[in-house]
Amino acid sequence: MIQLERITLREIRLPLVEPFQSAGSIVAARRILLLELTDRDGVSVWSECVAEATPSYSPDTVDTCWLAISEWLAPRVLGVSFATARDVDVALQRGIRGHRMARAAIEMGCWALESMRESVPLAVLLGRASAVAREQGAEPRAHVETGIALGMLDTPQDLARRAKTAVAEGYRRIKVKVGPGRDVAFLHSVRSAVGDTVALIADANSSYSLDDAEHVRALEVMDVFELAMIEQPLASDDLVRHAALQKKLRTPICLDESIVSAASTEDMIAFGSGRIVNLKPGRVAGFSEAIAIHDLCARAGIPVWCGGMLESGIGRAYNVALATLPNFTLPGDLSPSARYWERDVVTPAWTMDSVAQIKIPLDRPGIGVDVDVDFVDKLTVRSTVLSSS
Ligand code: MG
């Protein structure tokens, strides 16, 4: 039984160790919404909203999610009894269009709360909820493999140096942010620096158009770099043109921004718009939908991996738990805390071993790490308590 008594909603500012640039945005300090959900028995969990400051990746932003959570979503769940976190998902989607990142922050927190109340690790609870995991008799993985995502840098040489450092750190999969004019020379330089044994991904964040001959030419050239995939080359709502492009390319297209629900995943599969899915639970309204997408992809022979949204260690906990499901067969963007943060908001901080594996905290219920509340307090720029009474 889940019955929330209050949600403490806060915004923190967490400085990155280095600015992170993609085709859509550059972030030097991450604005992050954190939620602390407390039930009527005083059990509490922390969750994270993955929305960014600006609507460059998704229509959801820190400010729209603050509004949606406090005005429309929290009032639907506070003081109401739910048998499971899945029932919370149903209540949050009825009559609400969009606002998936806001919904996910509450919905995923309720999965963590359910895992606390049932005294089972979050990864185990997610595994039980996946029909594919149950059919395969799959236990959650004890470790998940991470790749690294590299933001845009000024020159191809800078990026190649950064990629070499990543390989020395143990990464075997490198994702590079690309965009028109910042693609072919950069990928060539990285490929030359790291060799053929490292899996290389180009993530375009929807920055190319089939209407632009130079963009098409660049995509054709990228097709010869033996990339593991090209991620989200075209617009997020353009499954038809992605399908046309996938027919021309040998390289698998991976969809990220386009996949917002199980329905859009079915469309991708029906059109042939891509062959791989970057599955971020925060983008698809939470774990209920993410598990449905995971299972759909597994049955269609489409591998998935878990992307990142520059989460703090709280959001990371949710992502690594999801990535223990059996169809997460490719390394995720699940880098350890030190990749992004001078100091993370959780203890212990997330770390990886010499072969880029993250250990899953299968010995604890909930998110498996403690939140450094004093540090979070210092980082907080605004907060509000939403309660049932
Ligand atoms: Mg992406």
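The table below gives the values:
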read-out	value
Full-stretch length increase - Ala131, Thr165 - with 0.36 nm per residue and alpha-carbon distance subtracted	8.3 nm
Theoretical gain in end-to-end length, Arg13 to Arg364 [0.36 nm per residue, Cα-Cα removed]	123.5 nm
Low-density loop cleavage sites - trypsin sites (Lys or Arg not before Pro) in the stretch 152-254, where at most 11 other Cβ are within 10 Å (DSSP)	Arg250
On Cα atoms only, tilt of 100-118 relative to the major axis of the chain in degrees	60 degrees
Cα extents of the stretch 172-231 along the three principal axes, largest first (Å)	34, 17, 15
As computed over the stretch 303-344, the Cα convex hull volume per residue (Å³)	52 Å³
Calculated diffusion of the chain, Stokes-Einstein form, Kirkwood radius summed over Cα pairs, 37 °C and 0.692 mPa s, µm²/s	157 µm²/s
Under Karplus coefficients 6.51, -1.76 and 1.60, residue-wise ³J(HN,Hα) of the stretch 38-43 in Hz, glycine/proline x	10, 9, 5, 9, x, 6
Range of Cα positions in the stretch 127-359 per principal axis (Å), largest first	48, 41, 28
Helix 213-222 vs. the chain, principal-axis angle (Cα, 0 to 90°, nearest 10)	90 degrees
Equivalent ellipsoid dimensions for the stretch 82-176 as semi-axes, Å, which come from the Cα gyration tensor, largest first	36, 21, 11
Ranking of His143, His215 by count of other Cβ atoms within 10 Å, fewest first	His143, His215
The stretch 1-140: projected area of the alpha-carbon convex hull, averaged over directions, in nm²	9.8 nm²
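Values quoted throughout were computed directly from the atomic coordinates according to the rules given, and no laboratory measurement underlies them. This structure is a prediction, so every number in the text was calculated from the model and none was measured. We place every Cβ from the backbone using ideal geometry, glycine too, and count neighbours over all the protein chains shown.
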